[in-house]
Amino acid sequence: MESQKFDIIAETERLIIRPLNENDYENWLNEFTNRFPSQHRHDMGKMDMSKCSYEWFKNLINQHQELALTDTAYIFAVFLKEDGRQLGKVDFSTLERDDFQWGRVGYSFHNQHWGKGYGQEAVKEALDIAFKMLNYHRIEAHINLDNPASIKLAESVGMAYECTRKGFIYEFGEWTDNLIYYLNFIE
């Protein structure tokens, strides 16, 4: 009997959204290598990829599969249909199931691809997956106060500001506030 595999695939006019597979290694590595220097504190910019061997990448894929199969997180790579370049990712983390069906969305795109609408297109399609295939009822985005690009993206896909959670996440060496944007599934 073949083991289970997380393999949801969706397409938009310009994009393919799906989990990474072993054949994506060269493309994935190339897009990380071609990143521009950091544009702001929420952009990692160029990264040291020297430890990211093919074996390391296969392990990453296995980790992604395990997270999905345990309903912990679902990580989707975003590819350009035109030439197959990997543009970034959209991920969902399960916060609570049972009576809530509540998750969190995260997104990051390689900075060399910013400003072309790929983020909005990918996140909008991924939210459709989250509601219709992963059975979430509520999705939240947790956004740093000083990240206007992320706020703009959340609003562009229909998410609404709900509140500011004080001292919500420990990052940059301190407990930081986050804006909470949300979207509920309505049939």
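Of note:
- Bridging of K51 to lysines at a Cα separation below 23 Å is possible for K89, once same-chain residues fewer than 8 apart are set aside.
- Other residues within the sphere of radius under 15 Å centred on the Cβ of S93, judged by their own Cβ, net out at -1 (K and R +1, D and E -1).
- A 1.4 Å probe run over the stretch 10-130, with the rest of the protein chains in place, finds 52 Å² accessible per residue.
- Using Cβ point charges alone (K and R +1, D and E -1), the dipole size of the chain about the Cα centre works out to roughly 380 debye.
- Apportionment of accessible area to carbon and sulfur, the chain, percent (1.4 Å): 51
- Cut-off 17 Å, label 7 Å out along Cα→Cβ of E22, residues of the stretch 50-77 by amide N: 53-66
- Summing +1 for each Lys or Arg and -1 for each Asp or Glu among the other residues whose beta-carbon sits under 12 angstrom from that of W175 gives -1.
The values are calculated or read from the model by the stated rules, or taken from the named source; none is laboratory data. All values reported here derive from a predicted model rather than from experimental measurement. Counting neighbours? That spans all protein chains shown, and the Cβs are built from the backbone with ideal geometry, glycine included. The accessibility values were calculated without ligands, DNA or RNA, using every heavy atom of the protein model including side chains. Shrake-Rupley method; radii C 1.70, N 1.55, O 1.52, S 1.80 Å.
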